[in-house]
Structures are given as C-alpha cells and as structure tokens.
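Student: To start, I am sharing the structure in question, which I have written as structure tokens.
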Amino acid sequence: MTTIDRNELKKLQRREESRFAADHPRSAALYKQAQESLLGGVPMNWMKKWAGAFPIFVQHAKGAHFTDVDGCEYVDLCLGDTGAMTGHSPDVVAEAVARRVREGITLMLPTEDALWVGEDLKRRFGLTYWQFTLTATDANRFSIRIAREITQRPKILVLHYCYHGTVDESFASLRDGVVGPRRGNIGPPANPAETTRVVEFNDLNALEDALKHHDVACVLAEPAMTNVGIVLPEDGYWKSAQELCRRYGSLLIADETHTICAGPGGCTAEWKLEPDMLVFGKAIGSGIPGATYGCSEEVAQRIAGRIHLEDCDVGGIGGTLAGNALSLAAMRATLEHVLTCANFQKMIPLAKRFNAGVAEHIRANGLPWNVIQLGARAEYTFAAKPPRNGGESAAAADFDLERFLHLYALNRGVLLTPFHNMALMCPDTSEADVDLHTKIFGEAARELTC
Ligand SMILES: Cc1ncc(COP(=O)(O)O)c(C=O)c1O
C-alpha cells in the first residue's frame with residue numbers, strides 16, 4: 001500500500017492554488033468586492049469552504065455543465081449537492097416555472113399541481129399523506145414535531161455523523177460514547193444531550209439500548225448515510241431496526257433527500273422499507289425551493305385528533321411560502337418528466353462507470369482507498385475498506401488530501417461536492433463527462449504516489 005508524502009502534498013497544493021488564482025481573475029475580483037457587503041464575502045457561510053482561495057462565481061448552468069465568470073467550463077458532479085440532480089434548469093421545469101410565475105406565485109391556497117404531486121409521491125414511496133415545506137430541513141423539523149406530539153416523548157434518535165439540514169436536535173454526536181454538541185455547532189439552543197440520543201449506524205444492539213428508555217419519539221435516519229461519505233446498511237439492518245422501532249413505540253423517519261439517488265422511490269422503494277414518515281427535498285423541484293414529508297395512514301390518524309382547527313396556524317408547523325404554487329409547479333414537472341424510471345436507468349450506469357474508473361486507479365496506484373456507489377451517486381473514501389458506520393467514515397477523512405483532489409479536479413474542469421468526495425450523475429451527464437473525471441483522478445493519484 002502506498003502512503004502519501006505530506007511535504008509533496010503541500011507542494012502540489014501550492015502549485016494548484018497558484019494555477020487556480022491565475023485562471024480565475026474575475027471571480028477573485030468579485031470575491032474581493034463582496035467582502036464589503038456579504039458576511040465573509042459569500043452569500044452563505046459554507047461557500048467559503050470550497051477548495052480554492054475563493055469560490056468561483058457562476059455565469060450560467062445547463063444540464064451537467066456550467067460556466068464561470070472567467071469563461072471556464074466545468075462538468076458538474078456536485079450538482080448543487082443534489083439540488084440539481086435533475087441537471088441544471090431542465091427545459092420542461094423551466095417552462096412550467098415560467099408559466100406559473102406569470103399566473104401567480106404564492107396565494108396561501110392550493111393549486112391542482114399539489115394533488116398531482118401528492119398522488120405521485122404516494123405511488124413512489126408507499127406512504128399515504130403528504131405536506132410541503134420550502135426545505136428538507138423544515139420537512140425534518142415538522143416530522144419530528146409530529147412524532148413528538150403523537151408519542152408524547154421528548155427525544156429523537158440520530159446516527160453518529162448524520163446530517164439532516166440545520167435541525168437543532170440532529171447536531172449531536174458521540175464522544176467516548178457520550179452525546180454532546182457536534183463540533184462546530186454554532187450557538188446550540190440547548191445541549192443536544194437533552195433532546196437527542198445518538199448511535200452508530202449498523203449497530204442494532206446500540207439502537208435497542210437507546211430505544212429501551214422509551215423516551216425516543218422517532219428515529220431520524222438516511223437509509224444509507226451520504227453525508228460522511230457513503231455508508232451502506234448491512235444486510236437485514238433496516239428490517240431489524242424497523243422491528244425495534246415498532247417494539248419500543250418510536251416512529252421511523254426516512255430522510256430520502258440524498259438517497260433518492262437510489263431510484264425514483266429512493267431506498268424506501270428499492271429496499272422495500274416501511275418508514276412511518278419520509279422526507280424528500282432539494283431535487284424534488286429541480287432546485288426551486290420546496291420539499292415534502294409524508295406519513296402513513298396510522299400516523300395521520302394519530303395526529304389528526306391532536307391538531308385543532310383554531311390553532312392549526314400557530315402550532316410550529318408552517319411557513320407562509322410553504323406549499324406555494326411555484327414550488328408545486330416545479331415539483332410536478334420534475335416528478336413527471338425528470339426523476340423518471342427512464343432517467344434513473346441512464347444515471348445509475350454512469351455512477352457504475354465512475355466507480356469502476358476510480359477503483360481501477362486506486363488499485364493501479366496502490367492507494368488504501370475505496371469507492372462506493374449508491375444508485376446515481378458515488379464517493380471515494382480514504383479507507384481501505386468501506387466504512388461500517390459514521391465514526392469509521394469520519395476517521396478516514398483527510399481534509400488536506402480532499403482539498404487537493406477537489407482543487408486538482410476544479411483546475412481541470414470538474415466540480416466535486418465540496419465537503420467530501422461525492423459525485424452525482426444527472427440525466428444529462430455523459431460517459432465523456434465521467435471519463436474526464438476518471439482521467440483527472442488517475443493523474444492526481446499518480447502525482448500523489450510517484
Ligand atoms: C440527508 C439530508 N437531509 C436534509 C438536508 C437539508 O436540506 P436543506 O439544506 O435543503 O434544508 C440535507 C442537506 O444537505 C441532507 O443531506
């Protein structure tokens with residue numbers, strides 16, 4: 001097995017940083033100007049985390065490609081961290097959205113699109129009733145509220161190193177087996193130990209021990225972890241986990257916001273899971289803000305008796321723009337024409353091709369890394385074997401190496417997801433796009449190991 005020479009890595013990083021700065025003068029100038037009006041020079045704080053000294057500013061994006069303000073063109077394998085898994089601005093969605101923009105954007109009243117979308121979601125995921133929010137974070141927050149209300153239990157349970165958006169309760173992690181705020185947690189409203197139990201993925205004993213307290217309203221989990229690299233469930237994990245949830249009276253909420261990459265009905269349909277509630281955001285409207293949460297007949301009955309007409313607008317589940325006509329028009333067009341079986345049949349083989357190419361270069365260069373695929377998504381990890389849980393996957397993270405590989409790819413026209421090594425395929429991604437990444441990855445691997 002090859003080890004990386006850290007001094008060499010530093011040298012290579014400096015070289016790539018110089019190249020990046022030389023290639024992006026206009027982005028550099030805009031970033032400098034932005035320091036005067038945007039906090040940290042960016043519209044959202046995590047945009048500072050891109051691998052170069054400044055983020056590249058985008059001119060336009062279409063399908064699997066985009067162009068920056070310096071005229072550089074890119075293959076986009078980040079796809080807005082799944083928000084643009086549909087490809088950027090699919091024509092059919094752009095047209096539906098443009099139509100709706102002219103006919104009323106938000107009214108606090110339903111449009112027929114909501115019914116179409118609800119019926120489609122019911123078919124895809126098998127859950128009966130649906131509600132809409134603007135973000136997956138909100139969909140998770142409202143699902144948690146419902147679970148707490150109907151179980152009358154205070155806590156939720158999440159997996160170690162999960163990510164479910166900016167849901168306060170989910171910014172919890174384990175340190176020496178004890179729950180506390182996750183590193184970087186900004187101004188936590190309460191110590192998450194008061195609100196949250198945390199267990200490692202694929203550990204049924206730990207799950208049962210946590211549920212045995214009978215204080216867990218719901219388990220909120222991605223069917224496969226995707227935010228700390230990809231971590232797949234072991235055979236039979238979800239079947240047993242579902243049984244444990246039922247036995248101890250906790251609801252299971254499947255957050256399919258990323259795992260929708262597994263197929264049109266996400267992992268829930270692919271793996272025949274039976275969650276009580278399900279969340280799906282980001283790509284549902286091709287990036288037009290919108291998300292959804294669904295629930296079973298039983299959950300619907302249990303909550304119905306607890307929401308009173310007079311108070312239903314002040315119960316903590318809401319949002320003036322939630323369920324607006326524009327979001328629903330975008331969702332309908334996306335579900336009807338873009339996130340279709342036919343398109344998944346194009347996207348999934350591309351992720352397989354990505355995997356095979358990367359795996360071959362890992363092998364050829366003797367690197368102790370591996371690459372994992374989940375439907376249309378693939379990700380490489382700096383561990384010799386696929387991690388079994390969030391803790392193992394986080395332990396394999398290598399910030400310097402990751403930044404180098406990201407910048408190396410960016411300098412050669414490929415954008416990866418910034419916070420780990422994820423690549424996502426959209427219906428417009430081509431084999432040539434994938435092969436470009438494979439070639440670049442191979443060159444980077446050779447430079448790192450020679
Ligand atoms: C699995 C999962 N759920 C929910 C969210 C939150 O999505 P949003 O930031 O759009 O609210 C994310 C964001 O990355 C996510 O990865």
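Student: Taking amide H atoms as placed 1.01 Å from N in the peptide plane, list the residues 5 or more away in sequence, or in a different chain, whose amide H sits under 5 Å from that of Ala172.
Tutor: Arg182
Student: Would you mind checking the tilt of helix 237-248 against the longest principal axis of the Cα atoms of the chain, expressed as 0 to 90 degrees and rounded to 10?
Tutor: The answer is roughly 30 degrees.
Student: In whole Hz, with x marking every Gly and Pro, tabulate ³J(HN,Hα) for segment 285-299 from phi via Karplus 6.51 cos²θ - 1.76 cosθ + 1.60, θ = phi - 60°.
Tutor: Whole-Hz 3J(HN,Hα) from phi for segment 285-299: x, 6, x, 5, x, x, 7, 9, 9, x, 9, 6, 3, 5, 4.
Student: Now for a separate question. Does segment 155-197 come out rounded, prolate or oblate by the C-alpha gyration tensor, with a ≥ b ≥ c the root eigenvalues, rounded set by a/c under 1.5 and, if not, prolate when a/b is larger than b/c and oblate if not?
Tutor: rounded
Student: Label segment 269-309 by shape, choosing from rounded, prolate and oblate, from the square roots a ≥ b ≥ c of the eigenvalues of the Cα gyration tensor; if a/c is under 1.5 it is rounded, and otherwise prolate applies when a/b is larger than b/c, oblate when it is not.
Tutor: Taking the square roots of the gyration eigenvalues as a ≥ b ≥ c, segment 269-309 is oblate.
Student: Of Leu278, Gly391, Ala364, which is farthest on the positive side of the dipole of the chain, counting Cα position, with +1 on Lys and Arg Cβ, -1 on Asp and Glu Cβ, and the Cα centre as origin?
Tutor: So the residue we want is Ala364.
Student: How many angstrom lie between the C-alpha centres of segment 195-219 and segment 238-259?
Tutor: Using only Cα atoms to place each centre, the spacing works out to 11 Å.
Student: Between rounded, prolate and oblate, where does segment 177-309 land on the alpha carbon gyration tensor, with a ≥ b ≥ c its root eigenvalues, rounded for a/c under 1.5, else prolate if a/b exceeds b/c?
Tutor: It is rounded, given that a/c, with a ≥ b ≥ c, falls under 1.5.
Student: Would you grab the residues whose amide H sits under 5 Å from the one on Leu252? Only those 5+ places off in sequence or on another chain, please, with H modelled 1.01 Å from N.
Tutor: Val219, Asp276, Met277
Student: Give the separation of the Cα centroids, segment 375-421 to segment 299-332, in Å.
Tutor: The distance from the Cα centre of segment 375-421 to that of segment 299-332 comes to 38 Å.
Student: Applying the Karplus parametrisation 6.51 cos²θ - 1.76 cosθ + 1.60 with θ = phi - 60° to the phi angles of segment 320-334, what ³J(HN,Hα) value in whole Hz is obtained for each residue in order, glycine and proline being reported as x?
Tutor: Running phi through 6.51 cos²θ - 1.76 cosθ + 1.60 with θ = phi - 60° gives 4, 8, 5, x, 5, 4, 5, 4, 5, 5, 5, 5, 4, 5, 5 Hz.
Student: Determine, for each peptide in 163-170, 418-425, the mean count of other beta carbons within 10 angstrom over its residues, then list the peptides with the highest first.
Tutor: My ranking of the peptides, most packed first, is 418-425, 163-170.
Student: All other residues with a Cβ under 10 Å from the Cβ of Met425 taken together, and with Lys, Arg as +1 and Asp, Glu as -1, what is their net charge?
Tutor: Its environment carries a net charge of +2.
Student: If the cut-off is 16 Å between C-alpha atoms, which aspartates and glutamates fall inside it for Lys155, apart from same-chain ones fewer than 8 positions away?
Tutor: Cross-link targets: Asp168, Glu169, Glu194, Glu208, Asp209, Asp215.
Student: May I ask you to order 271-280, 317-326, 16-25 by the average number of other C-beta atoms within 10 Å around their residues, highest value first?
Tutor: Descending mean neighbour count gives 271-280, 317-326, 16-25.
Student: Rounded to the nearest 0.05, what FRET efficiency is calculated for Asn185 and Glu103 with R0 set to 35 Å and r the Cβ-Cβ distance?
Tutor: So, using R0 = 35 Å, E works out to roughly 0.25.
Student: Here is a further query. Taking the Cα centre as origin and putting +1 on Lys and Arg beta-carbons and -1 on Asp and Glu beta-carbons, what dipole magnitude results for the chain, to the nearest 20 debye?
Tutor: Charge dipole, the chain, about its Cα centre: 560 debye, nearest 20.
Student: Continuing with this model, one more query. Just how far, in whole angstrom, is segment 161-175 from segment 63-95 if you go by their alpha carbon centroids?
Tutor: 29 Å
Student: Sum -39500 (n - 2.57) across every DSSP H segment of at least 4 residues in the chain, then divide by the residue count to get the 222 nm mean residue ellipticity, nearest 500.
Tutor: Estimated from H runs of four or more residues: -12500 deg cm²/dmol.
Student: Measure up Lys62/Lys282; Lys346/Lys439; Lys352/Lys439; Lys122/Lys282; Lys239/Lys346 against 23 Å on the Cα-Cα distance and list the ones that go over.
Tutor: Among Lys62/Lys282; Lys346/Lys439; Lys352/Lys439; Lys122/Lys282; Lys239/Lys346, the Cα-Cα distance tops 23 Å for Lys239/Lys346.
Student: Using a basic spin-label model with each label point 7 Å from the Cα along Cα→Cβ, how many nm lie between Ala22 and His214?
Tutor: 7.0 nm
Student: When N is the residue count of segment 67-178, what does its C-alpha Rg come to as a fraction of 2.2 N^0.38 Å?
Tutor: Ratio of Rg to 2.2 N^0.38 Å for segment 67-178: 1.44.
Student: What do you get for Rg/Rh over the chain if you use C-alpha atoms and the Kirkwood form of Rh?
Tutor: Rg divided by Rh gives 0.96.
Student: Largest first and in whole Å, give the semi-axes of segment 1-97's equivalent ellipsoid, each being the square root of 5 times a Cα gyration tensor eigenvalue.
Tutor: That gives 28, 20, 13 Å for the three semi-axes.
Every number in this text was worked out from the coordinates using simple rules, so none of it is lab data. None of these values were measured; they are calculated from a predicted model. Here Cβ is always computed from backbone atoms with ideal geometry, including for glycine, and neighbour counts include all displayed protein chains.
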